[in-house]
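Peer 1: Here it is, the structure in full.
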Amino acid sequence: MRRIILVGAAATVATSLAISGAAAAAPTTKTEHFSFVSTAITGNTFSAIATGAFTAGGTANLPSGKGTLKFPGGTIKVTAKAGHAKNNFNAKTCLGTSVQPGTFKIISGTGVYAGITGSGKYTASFTEVGPIVAGKCSMNGNPVAAQGSIRASGPVTLP
């Protein structure tokens, strides 16, 4: 009799572990925060940090409307839709600023990000200083300094 009870208890524990394992393997949805920073005068390459559902550091190539995030575990492809930008330019100091909200959508992933989905909102902020020639702001030539940052967040689901 004792042997039957022990076998029954072992089967119950095994079933509970199997159910727990299945629950752990289920997709999880959490808020992910992305931070992209660049000091390049031209180009679309940013340093990238992701925190939340997963934590990773890498690079992001973010041309207008689309992008690829590259992390050690794989890549994430995104699309973006920009909202109305608020631009400001001071011709005396040759300082230009732009703040633009928008939305993003995760299209696909590779490696550990295979099957990832999600979407959210972002705010892009850019500041640049133009060249000053003969004491006046010149509209010709590249900026002498530029900084860009993008903060994005939204729910992501990882398989």
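Peer 1: For the stretch 47-57, which positions are of a type outside the set (A, V, I, L, M, F, W, C), in a strand (DSSP E or B) and over 18 Å from Gly148 (Cβ atoms)? Give the derivation first.
Peer 2: Residues of the stretch 47-57 of a type outside the set (A, V, I, L, M, F, W, C): 47, 51-52, 55, 57.
Now drop any that are not in a strand (DSSP E or B), which leaves 47, 51, 57.
Correct list: Thr51 only.
Peer 1: Looking at the stretch 84-99, is at least one residue among the aromatic types (Phe, Trp, Tyr) and within 18 Å of Thr29 (Cα to Cα)?
Peer 2: So far as the stretch 84-99 goes, no, none of its residues is among the aromatic types (Phe, Trp, Tyr) and within 18 Å of Thr29 (Cα to Cα).
Peer 1: Filter the stretch 107-137 down to the residues that are touching a strand residue (DSSP E or B) at 6+ places or on another chain (Cβ under 7 Å), more than 20 Å from Lys86 (Cβ to Cβ) and either part of a strand (DSSP E or B) or without any contact (Cβ under 8 Å) to a residue 12 or more places away in the chain (or both) and list them by number.
Peer 2: Ile107, Ser108, Gly109, Thr117, Gly118, Ser119, Gly120
Peer 1: From the list Thr157, Thr97, which one is touching an Asp or Glu at 6+ places or on another chain (Cβ under 9 Å) and in a strand (DSSP E or B)? Full working, then the answer.
Peer 2: Working: Thr157 fails: touching an Asp or Glu at 6+ places or on another chain (Cβ under 9 Å).
Result: Thr97 is the single residue among Thr157, Thr97 that is touching an Asp or Glu at 6+ places or on another chain (Cβ under 9 Å) and in a strand (DSSP E or B).
Peer 1: While we're looking at this one, here's another question. Which condition does Thr42 not pass, out of (1) at pLDDT 95 or above; (2) loosely packed, with under 13 Cβ neighbours inside 10 Å; (3) farther than 21 Å from Gly118 by Cα, if it passes all the others?
Peer 2: Every condition holds for Thr42 apart from (1).
Peer 1: Going through the stretch 74-94 one residue at a time, which ones are within 19 Å of Gly57 (Cα to Cα) and either small (Gly, Ala, Ser) or assigned to a loop (DSSP other than H, G, I, E, B) (or both)?
Peer 2: Gly74
Peer 1: Out of the residues in the stretch 58-73 that are in a loop (DSSP other than H, G, I, E, B) and touching a Phe, Trp or Tyr at 6+ places or on another chain (Cβ under 7 Å), state the one that is surrounded by the fewest Cβ atoms within 10 Å (Cβ to Cβ). Steps first, please.
Peer 2: Taking the stretch 58-73 first, the residues in a loop (DSSP other than H, G, I, E, B) are 62-65, 72-73.
If we keep only those that are touching a Phe, Trp or Tyr at 6+ places or on another chain (Cβ under 7 Å) too, we end up with 62, 73.
Working: Leu62: 23, Gly73: 15.
Checking each candidate, the answer is Gly73.
The values are calculated or read from the model by the stated rules, or taken from the named source; none is laboratory data. Note that the structure is predicted; figures quoted are calculated from it, not measured. As a convention, Cβ positions derive from the backbone with ideal geometry for all residues, glycine included, and neighbour counts pool all protein chains shown.
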